[in-house]
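J.: This is the structure, below, for whatever I ask next.
The values are calculated or read from the model by the stated rules, or taken from the named source; none is laboratory data. None of the values given here were measured: they were computed from a predicted structure. Virtual Cβ from ideal backbone geometry, glycine too; neighbours counted across all protein chains shown. Protein only, heavy atoms only, side chains kept; ligands, DNA and RNA dropped before computing areas. Shrake-Rupley method; radii C 1.70, N 1.55, O 1.52, S 1.80 Å.
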Amino acid sequence: MRRVVSLFLPNLAIERLRRLERPATRPPEWPALQLPVDDDPGACSVPRGGGWRPGARWARTSAQSREEVEAQIASLPVHAQPPMRELGRRSEAASHPYKAQAPALRLITPVMIPVQHAPLALVGKVGRREEVVAACTGAQALGIHSGMAATHARALVFDLDFRPVEPEADAALLEGLALLAVRRWSPIAAVTPADGLWIDLAGCDHLHGGEERFCRRLLAFCRRAGFTARVAVADTPGAAHALARFGKTDLTRVEPHGTVEALSALPIAALRLTPTALSAARKFGFERIADLLPVARGPLARRLGLPTITRLDQALGGVAEPITPREDIEVPAVERRLLEPISTAEAIEQVMGDLLGDLVVLLQGKGVGARSIRLTGMRVDGTEQIVAVGTSRPTREVSHLLRLLKLRIERIDPGMGLEQFHMAAPHTEQLDAVDLGAVLAGETLVRDPARLVDLIAGRIGMHSVFRIAPVESHVPERAVVKSDPNELPGTWPDWKRPIRLFAHPEPLHRVIALMPDQPPRRFEWRGTTYKVVGGDGPERVHGEWWRRDAEVWAVRDYYRVEDETGGRYWVFRRGDGFEDDTGDLSWWMHGVFG
């Protein structure tokens, strides 16, 4: 199920400038706060093992001293008063609790409050006039708000710090956050225009400890970076976007299939409507999203416009709203624009070779090899033709990659012609130098099977080529697993196993055998009767009791038998022949020897 996280940064423009500024000097008229500091940490001020404890001495300050500090804070201007979280950030080095302590002294150390910036407002041109686009908390306390005319704001507060808004810098910061999200959190992350991100957690929430834990970590990350953030998780991007901006808490998590109930109480502005649609909604008395749900779509579209219906359906999941993920800029990619469109296989092959030559230069500069190649051809009519190949090992060999791409030429439909090509290597790995001394000297004839594997996989599919590797298990059908054909298998046990092992044992009928430990003398399998002339066994295999209760007492006795025509088979009997709990004494065929 799709789960989308919406990250909202309400004060992005203001807080981005604050991060770039150095701490300003305190005006002389602001009094310095005196916080009492006790050199004797006491029994509870240091955690076990010593170290740091933020805010410990502030917590132990006497009630009278705290009242004095609070009075000094109250005497400061509103925009200069430090928030409570700033007062809890003081950290003092604490000595080890078991070391000898010097005689206790009562010292008063002056501690300056955190430096506060002057009130700041950002001004931008909206239409034909300049308006306040954003204002910090201090400026808002002085009566400045977004949408106010810049001249009115300057007349209201003459010494207010006015700065021009920088939407390009804000957009670049959001792009950087989206790139970080793609590399660290989810492969699908995109910028929400102007003030946030969308992160698709489908299939990767378990990697971060669940949705709620991921959101809390995301909020903590934004706080450390100096940004105020709000996060919401919902089934659709529109619902997550609305709850992040109009929800009641900084973290809102909607349970699956609970989108309608969560959105009903939100105002209509949460649907990202145009100002014209919002004005029309107020005229008709629509205030909340719940007011829109019972109204028929036809009359609602005539009153508020068709885009309003689309936004409502996107939020509720009735209309898909895809998220175009942010691409990693470090993906090696090359591009060619042709003077004339091409449509023949020979011309396409020539362009592939040229692009591979350019791409290999980039890969060599990064010290990596390609594990996958993606080729995109743009046709004259604006549509795209995309083919991709993969390799079992990282490589930078142009001839080998070109041979793989040539197998995909027949899948390209040039139409009226291809005029632009784009080639990228989305999956790369480190590629070091290869020692070819033994090969050049003729001391070894073993060649790397990676090229052969790539060619075969290019024809019949990568999933059709594999190697059997051993697994630590006594149960035969669990003792092997499919693995990468280029990986060396582990050490095989010394047990004799058939060359062909059936995935599921097949039952035998009309079996004649001497109980309890003799091989069968006669059995019927697949409608044919077999007479056994020789046998060896039994090899007892017990069930793996830690997997399920049914295997606690399960027993299999395996035999290698040979019939009168020379065929050799691997059969087993369920049960040890003594206890009924070990098996029902039925016989089964599990494999055939060569």
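J.: Could you list the square roots of 5 times each eigenvalue of the Cα gyration tensor of the stretch 139-215, that is, the equivalent ellipsoid semi-axes, sorted largest first and rounded to whole Å? Can you show the working numbers first?
T.: On the way: eigenvalues 295, 41, 16 Å².
They are 38, 14, 9 Å, listed largest first.
J.: Turning to a different aspect of this structure: List, in order, the whole-Hz ³J(HN,Hα) value for each residue of the stretch 127-132 obtained from phi through the Karplus relation with A = 6.51, B = -1.76, C = 1.60 and θ = phi - 60°; use x for Gly and Pro.
T.: x, 9, 10, 8, 10, 6
J.: Ignoring ligands, DNA and RNA, please state the percent of accessible area on the stretch 453-594 from carbon and sulfur, probe 1.4 Å. Numbers along the way, then the final one.
T.: On the way: 4740 of 9100 Å².
Answer for the stretch 453-594 is 52 percent, counting heavy atoms of protein chains only.
J.: Taking all pairs of different Cα atoms in the stretch 357-437, averaging 1/r and flipping that mean, what Kirkwood radius in angstroms comes out?
T.: Values: mean 1/r = 0.0731 Å⁻¹.
Every distinct Cα pair counted, the radius reaches 13.7 Å.
J.: If you count, for each residue, the other Cβ atoms within 10 Å and average over each peptide, how do 287-293, 546-552, 512-518, 198-204 line up from highest to lowest?
T.: Details: 287-293: 15.9, 546-552: 10.6, 512-518: 12.7, 198-204: 19.6.
Per-residue Cβ counts within 10 Å, averaged per peptide and sorted highest first, yield 198-204, 287-293, 512-518, 546-552.
J.: Would you give the gap between the C-alpha center of the stretch 128-159 and the C-alpha center of the stretch 561-582, rounded to a whole Å?
T.: 90
J.: Give me the accessible area per residue for the stretch 179-300, probe 1.4 Å, as a whole number in Å². Write down the numbers at each step before the final one.
T.: Working: 5900 Å² over 122 residues.
Value for the stretch 179-300: 48 Å² per residue.
J.: For residue 126, list long-range residues whose amide hydrogen, built 1.01 Å from N in the peptide plane, is under 5 Å from its own amide hydrogen.
T.: 131
J.: Can you give me the % of accessible surface on the stretch 253-344 that is carbon or sulfur? Probe 1.4 Å, all protein chains present, nothing else counted. Write out the running numbers ahead of the final one.
T.: Working: 3070 of 5660 Å².
Carbon with sulfur: 54 percent of the solvent-accessible area.
J.: Okay, next question. Please report the spacing between the Cα centers of the stretch 376-417 and the stretch 490-516 in Å, no decimals.
T.: Each part reduced to its Cα centre gives a spacing of 47 Å.
J.: For all pairs of alpha-carbon atoms in the stretch 193-297, what percent lies in each bin of width 10 Å, listed from the first bin to the last filled one?
T.: Bin by bin from 0 Å, the calculated values are 13, 42, 29, 13, 2.
J.: In Å², what does the accessible area per residue of the stretch 451-553 work out to with a 1.4 Å probe?
T.: On the way: 7500 Å² over 103 residues.
Per-residue value: 73 Å².
J.: I would also like to ask the following. Rank-order 127-138, 233-244, 3-14 by packing density, defined as the average count of other C-beta atoms within 10 Å over each peptide's residues, highest first.
T.: Details: 127-138: 17.5, 233-244: 26.3, 3-14: 22.2.
Packing proxy ranking, top to bottom: 233-244, 3-14, 127-138.
J.: Once the Cα gyration tensor of the stretch 451-594 is diagonalised, what are the square roots of 5 times its eigenvalues, in whole Å and ordered largest first, as equivalent ellipsoid semi-axes?
T.: Values: eigenvalues 201, 81, 33 Å².
One finds semi-axes of 32, 20, 13 Å for the stretch 451-594.
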